[in-house]
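Beneath this line is the structure, given in structure tokens, with notes to follow.
The values are calculated or read from the model by the stated rules, or taken from the named source; none is laboratory data. Everything numeric in this text was worked out from a predicted model, so none of it was measured. Every residue, glycine as well, gets a Cβ built from its backbone with ideal geometry; the counts of neighbours run over all protein chains shown.
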Amino acid sequence: MSRLAVVCGGSRGIGEVVSRLLAERGCRVAVVSRNQEAAQAAVASLHGADHQAFSCDVSKEQQVQETFERIQKTCGNISYLVNSAGINRDALLLRMRPEDMVAVLHTNLLGSMLTCRAALRSMLRTQGAAIVNIGSVVGLKGNAGQCAYSASKAGLEGFTRSLAKEVASRNIRVNLLAPGFIHTDMTAGLREEAGARSIPLGRFGTPEEIAQAALFLLEASYVTGQVLVVDGGLQLAM
Ligand code: NDP
């Protein structure tokens, strides 16, 4: 049977394109997002059959546990997990509401930890399983106005390296992909002309450029515990 890939945050943006590329490579894809209709619409647009949509808030432990049990039951063992579910609530720390800090940390960091935990037992039963967490270049460098978001993404780096050590002996690989500015709903409010001046390649990236890198990490059988920065050179200028 073909490999099963679970893409959290697969209904829109980077995750949607990751789902599309995985389906084109012959994987069955389980698309996870809070909005069931959006996840279903994403599934309907995928190449091939046997893809499924699941509604789940990754920041809620019980929902994650139940969703991964349903995935296992209806789709089988998981080969690939991509954690692309994420939110930003950007503001200077002094103006940031504590509930927004909690929402960002719970979705971006705790959410990825919960989905990895829920997927691992299933992944132990497949050959060459791999996880890609989506971090951010601001998790590596910091950014004014993004204290909670960058903390969540920096946390993902430590989490990814630690989990990679925990599961390497079981031949499960875990890597972090750190994009710069990418054209999605998340950056829709930003003016590219202003932001692009600080990017050596002079433009925002596309979700396809990030999805290609995610596929590379899923298939790179001798790469684990690494951070792959895909940012048009932004990090060089930060
Ligand atoms: P989008 O806003 O386009 O998509 C976010 C996806 O995550 C949607 O499918 C959304 O679906 C899902 N999602 C959000 N919260 C939850 C939740 N609690 N539970 C389950 N699903 C959730 O974002 P991007 O594609 O731009 O971002 C994808 C990842 O890449 C994020 O982790 C982001 O931080 C990271 N990133 C993005 C960059 C960019 O410039 N765009 C730069 C660097 C990193 P729904 O709303 O239905 O739940």
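Output the residues belonging to segment 88-118 that are part of a helix (DSSP H, G or I) and either at pLDDT below 95 or surrounded by fewer than 14 Cβ atoms within 10 Å (Cβ to Cβ) (or both).
Result: Leu93, Leu94, Arg95, Pro98, Glu99.
Restricting segment 120-136 to residues that are surrounded by fewer than 22 Cβ atoms within 10 Å (Cβ to Cβ) and out of contact with any Lys or Arg (no Cβ under 7 Å at 6 or more places or on another chain), which is nearest to Ala211 (Cα to Cα)?
If we filter segment 120-136 for residues that are surrounded by fewer than 22 Cβ atoms within 10 Å (Cβ to Cβ), which is where we start, we get 120-122, 124-128.
From what's left, out of contact with any Lys or Arg (no Cβ under 7 Å at 6 or more places or on another chain): 120-122, 125-128.
Numbers: Leu120: 22, Arg121: 25, Ser122: 24, Arg125: 25, Thr126: 23, Gln127: 22, Gly128: 19 Å.
For segment 120-136, the residue satisfying everything is Gly128.
Quick check on my filter: what residues within segment 140-166 are away from the ligand (no atom under 16 Å from the Cβ) and surrounded by 19 or more Cβ atoms within 10 Å (Cβ to Cβ)?
Leu163, Ala164
Take the residues in segment 42-57 that are in a loop (DSSP other than H, G, I, E, B) and touching a helix residue (DSSP H, G or I) at 6+ places or on another chain (Cβ under 7 Å); name whichever of them is farthest from Ala23 (Cα to Cα).
The selected residue is Asp57.
Only one of Ala188, Ala237 is more than 17 Å from Gly10 (Cα to Cα), surrounded by fewer than 17 Cβ atoms within 10 Å (Cβ to Cβ) and in contact with a Ser or Thr (Cβ under 7 Å, 6 or more places away or on another chain); which?
Ala237
Go through Arg28, Arg34 for me and flag whichever is within 15 Å of the ligand (Cβ to nearest atom), without any contact (Cβ under 8 Å) to a residue 60 or more places away in the chain and among the basic types (Lys, Arg).
Going through Arg28, Arg34 in turn, just one is within 15 Å of the ligand (Cβ to nearest atom), without any contact (Cβ under 8 Å) to a residue 60 or more places away in the chain and among the basic types (Lys, Arg): Arg34.
Can you pull out the residues in segment 68-107 that are within 17 Å of the chain's Cα centre (by Cα) and within 26 Å of Arg3 (Cβ to Cβ)?
Phe68, Ile78, Ser79, Tyr80, Leu81, Val82, Asn83, Ser84, Ala85, Gly86, listed by residue number.
Among the residues of segment 68-76, is there at least one that is under 22 Å from Arg125 (Cβ atoms), assigned to a helix (DSSP H, G or I) and within 14 Å of the ligand (Cβ to nearest atom)? Break it down stepwise before answering.
Within segment 68-76, the subset under 22 Å from Arg125 (Cβ atoms) is 68-76.
Add one more test, that the residue is assigned to a helix (DSSP H, G or I), and what stays is 68-75.
In the following step, the residues that additionally are within 14 Å of the ligand (Cβ to nearest atom) were identified as 68, 71.
Yes, segment 68-76 contains a residue that is under 22 Å from Arg125 (Cβ atoms), assigned to a helix (DSSP H, G or I) and within 14 Å of the ligand (Cβ to nearest atom).
Ala39 - would you say it is within 12 Å of the ligand (Cβ to nearest atom), in a helix (DSSP H, G or I), crowded, with 23+ Cβ neighbours inside 10 Å and over 14 Å from the mean Cα position of the chain (by Cα)?
In short, yes.
Only one of Phe159, Phe216, Phe204, Phe181 is aromatic (Phe, Trp, Tyr) and within 19 Å of Ala119 (Cβ to Cβ); which?
Phe159
Within segment 42-67, which residues are within 27 Å of Glu99 (Cβ to Cβ) and surrounded by 20 or more Cβ atoms within 10 Å (Cβ to Cβ)?
Hits for segment 42-67 are Phe54, Cys56, Val58, Ser59, Val64, Thr67.
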